[in-house]
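To start, the structure under review is shown below, and the notes come after it.
Each reported figure results from applying straightforward, stated rules to the coordinates on display, with no laboratory input. The structure presented is a predicted model; accordingly, all values stated were derived computationally and were not measured. So basically every Cβ, Gly included, is an ideal-geometry build from the backbone, and we count neighbours across all protein chains shown.
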Amino acid sequence: MFCVGVAMIRPVTSTCARLSSSYVKHARYLFDLKENDDICRQALKSGSFYVFHNLSPFLRNTGNSYSFPAVSASELLRILIEHKMNERMMEKSVLIGCSDSCAAEFAIDLGSLERSRLERELCGKFTDLRKAALQLRLKDTPLMSQAQALLRWHESHQYCSKTGKPTQKNISGSKRVCHANGLIYYPQMSPVIITLVSHRKRCLLARQDSYPAGMYTALSGFCDIGETLEETVRREVAEEVGLEVESIRYSASQHWPFPNSSLMVACHATVRQDELCINAAEIESAKWFSLEEVEEALKWQKVPPKQEDGTVPIWVPPKIAIAHHLIQEWVQEQRAQLKHR
Ligand SMILES: NC(=O)C1=CN([C@@H]2O[C@H](COP(=O)(O)OP(=O)(O)OC[C@H]3O[C@@H](n4cnc5c(N)ncnc54)[C@H](O)[C@@H]3O)[C@@H](O)[C@H]2O)C=CC1
Ligand SMILES: [Mg+2]
């Protein structure tokens, strides 16, 4: 048996014999859902739906934490009918994944329905994405961010930039097509590098004037067109703090939904010397930090309160940000080096 609700429709790719790995089966089913409108339309009838209202995700308070719950297809249909909406509105959904048991998962924006009534019916609240990202369990935030990013992309790509005519999404929402000239638009992410620069036993953290008071983080910047990631690291470090990068080491990556979808590529870099020349147009302040100072900054789980002198202690981005991961990684490496000395 392949998957619930799609047995009658022949999948495009899943006919390969001996797909033993469940991960591979899962990936192939997702491919079918993305590419085949009939399979995806069928899956809409049995899938689950994460709901948004004007791009704010729906969260439910579950006592000591918040969840990002999904509604079933039948529940969504009932809501649409009760709110006097056409049931074809379900096709405004975008595919965001499928469960281990191959039940398709969609996201839908119910911004045209009355918000407070929906919140009462679903027993929760539509919450601004930034606030929601801090309230939700860490493991649930990537799905919520991905869903919002895809819905936002569709909302802002309704017209062809060449012909000015409306574009039409395929059922899964993996693309939009301009039928006037056949142009296909795919959801976009902007590549951004984030680099934790270090020199001997200290690392460099910086802040922009738009950051919350006291928050320092690693250097970041969008890739210019035609640049490699390594070139972006070198340019951004030179541009922002006037240092020349000596070596670069890849660490990890992350989808970041604020303010538009970015693919954050996180690296460690070392520099030849430590004299800073800060570019005031981009950076408000940048400083070298010792291991002890970074450990102190990492102690704050949320925005620290003001001290008696009115200043806010130095803190670093929360765990949802890949910057936090980079800084933690550096701390661990420093501690390991101390042990081996
Ligand atoms: N997840 C994380 O840990 C972190 C994420 N970030 C994200 O990284 C991104 C880049 O941060 P910045 O250092 O401010 O970048 P940046 O140093 O490149 O400066 C931003 C400027 O770059 C220009 N720019 C070039 N391409 C752009 C594009 N595709 N979209 C928007 N602006 C573009 C604009 O003039 C913009 O004002 C931001 O979206 C920020 O939210 C930043 C730090 C930590
Ligand atoms: Mg920057």
Place a point 7 Å from Cα of ARG78 in the direction of its Cβ. Which residues in region 90-121 have their backbone N less than 14 Å from it? 121
Work out from phi, with θ = phi - 60° and the Karplus expression 6.51 cos²θ - 1.76 cosθ + 1.60, the ³J(HN,Hα) of each residue of region 127-138, listed in order in whole Hz, and give x for Gly and Pro. 10, 3, 4, 4, 5, 4, 5, 7, 7, 6, 4, 3
Placing one equal point scatterer on each C-alpha of the chain and summing with Debye, one gets log10 I(q)/I(0) at q = 0.07, 0.08 Å⁻¹ equal to -0.39, -0.50
Region 190-340: C-alpha gyration tensor shape, a/c 1.5 cut-off, then a/b vs b/c: rounded
Nonlocal amide H pairs with PHE126, under 5 Å, H built at 1.01 Å: LEU59
Of the listed links LYS131/LYS299; LYS45/LYS165; LYS131/LYS175; LYS139/LYS299; LYS169/LYS319; LYS45/LYS175, those spanning more than 25 angstrom between alpha carbons are LYS45/LYS165; LYS131/LYS175; LYS169/LYS319
Which whole-number value in Å³ per residue fits the convex hull of the alpha carbons of region 270-341? 150
Could you tell me, in Å, what Rg and Dmax come out for the Cα atoms of region 24-157? 14.4, 42
Positive-end residue of SER56, ILE39, ALA107, charge dipole of region 24-157 with Cβ unit charges: SER56
Can you tell me the relative contact order of the chain? Whole percent, Cα pairs under 8 Å, sequence separation 6 or more. 13
Quick check for you: which residues of region 252-292 have the amide N under 14 Å from the point 7 Å beyond the Cα of GLU119 toward its beta carbon? none
